[in-house]
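Q: Below: one structure in structure tokens.
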């Protein structure tokens, strides 16, 4: 399959930063622009779900298999993912139902993302660079770069 174009950690950290920027674009959109806020959040949420899906289906199983002593960390990341997905769902419902303030949900999402991303970037992503096979790294990079709907097909 080949070699990854760049270290996998770099690909995933860059995706974190792009997602952070898109979340900030949503957060800075005026409350009066309800349609634009919903559109921005929907696009952000879809791509964040794709990111999580690739981690859960491609990377965390390899991490647990190759480093059984770190299963606790993989489970912690999965717990974070569940919390993130829950906040995404609640925010989308709020934006659809009555697009009043989502400030509390936004703060909750920022907090869980910050701690989660820190764990991944400091402890897990560097492990990927050292231990994942080139084929798995290339496959994960390709899955991350596909449009969201393509991952689920």
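Q: Test residue 60 against the criterion of being more than 15 Å from residue 8 (Cβ to Cβ) and surrounded by 15 or more Cβ atoms within 10 Å (Cβ to Cβ), and give yes or no.
A: No, not satisfied.
Q: Applying the selection to the range 53-69, what residues are farther than 21 Å from residue 145 by Cα and without any contact (Cβ under 8 Å) to a residue 24 or more places away in the chain?
A: Once the filter is applied, which keeps residues that are farther than 21 Å from residue 145 by Cα and without any contact (Cβ under 8 Å) to a residue 24 or more places away in the chain, the range 53-69 yields 64, 65, 68, 69.
Q: Checking residue 65 against (1) over 29 Å from residue 27 (Cβ atoms); (2) surrounded by 18 or more Cβ atoms within 10 Å (Cβ to Cβ), only one condition comes out false. Which one?
A: (2)
Q: Something else about it: Considering only the range 16-52, how many residues are buried (at least 17 other Cβ atoms within 10 Å of the Cβ) and either in contact with a strand residue (DSSP E or B) (Cβ under 9 Å, 6 or more places away or on another chain) or farther than 18 Å from residue 91 by Cβ (or both)?
A: Residues in the range 16-52 being buried (at least 17 other Cβ atoms within 10 Å of the Cβ) and either in contact with a strand residue (DSSP E or B) (Cβ under 9 Å, 6 or more places away or on another chain) or farther than 18 Å from residue 91 by Cβ (or both): 1 in total.
Q: Then there's this: Is it the case that the range 76-89 has a residue that's in contact (Cβ under 8 Å) with a residue 12 or more places away in the chain and over 19 Å from residue 48 (Cα atoms)?
A: Checked the range 76-89: no residue is in contact (Cβ under 8 Å) with a residue 12 or more places away in the chain and over 19 Å from residue 48 (Cα atoms).
Q: If a residue must be more than 22 Å from residue 141 (Cα to Cα), under 16 Å from the mean Cα position of the chain (by Cα) and surrounded by 14 or more Cβ atoms within 10 Å (Cβ to Cβ), how many such residues does the range 68-85 contain?
A: Matching residues across the range 68-85 total 2.
Taken together, the values in this text are just the output of simple stated rules run on the coordinates, not laboratory data. The shown structure was predicted, so the numbers you read here are calculated from the model rather than taken from an experiment. When we count neighbours, we look across all protein chains shown, and the Cβ atoms used for this are built from the backbone with ideal geometry, even at glycine.
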